[in-house]
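The values are calculated or read from the model by the stated rules, or taken from the named source; none is laboratory data. The structure displayed is predicted, hence computed values, not measured ones. Virtual Cβ from ideal backbone geometry, glycine too; neighbours counted across all protein chains shown.
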Amino acid sequence: MEFYIRGQTLSMMRNFLLIAVLILAGCVGPYKIAKLEPQGSRTYWNWGRQYAIETSGEIEVRIAFENNTRSQLVFNIEIENFGNDTLLVAPELFYVEYFKLANDTAAYATESAVDPESMIVQLEKDQSQQNADEINNATSQLLEVSLEAASDIATLGQEQTQEEYELEQADRDRSRAYRAQENFDLKMNQMSLDERRIFYDETLLRKTSLPPNTRMTGQSYFWFDKNVALYRIYIPLGQHTLWFDFKQSILQN
């Protein structure tokens, strides 16, 4: 009877948690999709993306809006150093001004770009936590299997009614199914973290000493605000600061 009660309790808890998650998920609406159009006079198109171009001294920057998440804007950025000196590219120094109206003369807020190194560190923390979860899960499952084995040994020679036997087997089946689901969820989460790390490594614009007559490309993230009409993106590079205006429109869901 103890197995049956424990199994029923676990089953009820899991069902409650599932219902709670579904209710919370149902309360979250789709995030707003932004369309950003560069306002500079020098632009060109490449694979559906409209790049704005600005040149200062022997530096040229090309920037295009890629997409947005619920909280961030993603920009593709190309930086070319035509000079004779090495140029330090530091994405954490990029920043954006927010304008409520496209013709406002003063921004109502300024925010730094998302530091790519902080994104990498957070991912490494998530991977570390994932590793701990896997170890804890394996330990917990080993303990549960050991307790089941000990229970089998303890009940050797004891008579069981058919109902008791069926209840015990049903509890064992639930436990095995739950362990299998835990393992599956952990594997999927690990795959997601690994894929995100590969994506960051391949796409993020990170701090770099850019040699003369070379070019670098990557993505930078800025904070998204669905209520603004215009973003002004600033790209400080050495003694130069280049800036780009992007007019925002929000697509209807």
Pairs only if they're at least six apart or on different chains, beta carbon under 6 angstrom, first in the stretch 224-251 and touching a residue at least 24 places away in the same chain (Cβ under 8 Å) and closer than 14 Å to residue 78 by Cα, second part of a strand (DSSP E or B) and of a type in the set (Gly, Ala, Ser); list them, first residue then second.
242/56; 244/52
Within the stretch 195-207, can one find any residue that is modelled with pLDDT under 65, part of a helix (DSSP H, G or I) and not assigned by TED's automatic domain parsing to the domain that holds residue 84?
no
Would you mind listing the strands (runs of 3 or more DSSP E) fully within the stretch 210-253 where at least 1 residues are under 24 Å from the mean Cα position of the chain (by Cα) and among the polar types (S, T, N, Q)?
214-223, 240-251
I'm trying to understand the selection: among the residues of the stretch 17-41, which are modelled with pLDDT of 95 or more and either over 23 Å from the mean Cα position of the chain (by Cα) or among the charged types (D, E, K, R) (or both)?
35, 37, 38, 39
Scanning the stretch 200-223 residue by residue, those in contact (Cβ under 8 Å) with a residue 40 or more places away in the chain, touching a strand residue (DSSP E or B) at 6+ places or on another chain (Cβ under 7 Å) and farther than 18 Å from residue 80 by Cβ turn out to be 204, 221, 222, 223
Residues being part of a loop (DSSP other than H, G, I, E, B) and hydrophobic (A, V, I, L, M, F, W, C) - total across the stretch 92-106:
4
Any pair with Cβ under 6 angstrom, 6 or more apart, that starts in the stretch 81-106 at a residue that is in the same structural domain as residue 207 (by TED's automatic domain parsing) and under 15 Å from residue 59 (Cα atoms) and ends at one that is of a type in the set (Lys, Arg) and part of a loop (DSSP other than H, G, I, E, B):
90/207
Assuming residue 66 fulfils every condition listed in (1) more than 18 Å from the chain's Cα centre (by Cα); (2) part of a strand (DSSP E or B) apart from one, which condition is it?
(1)
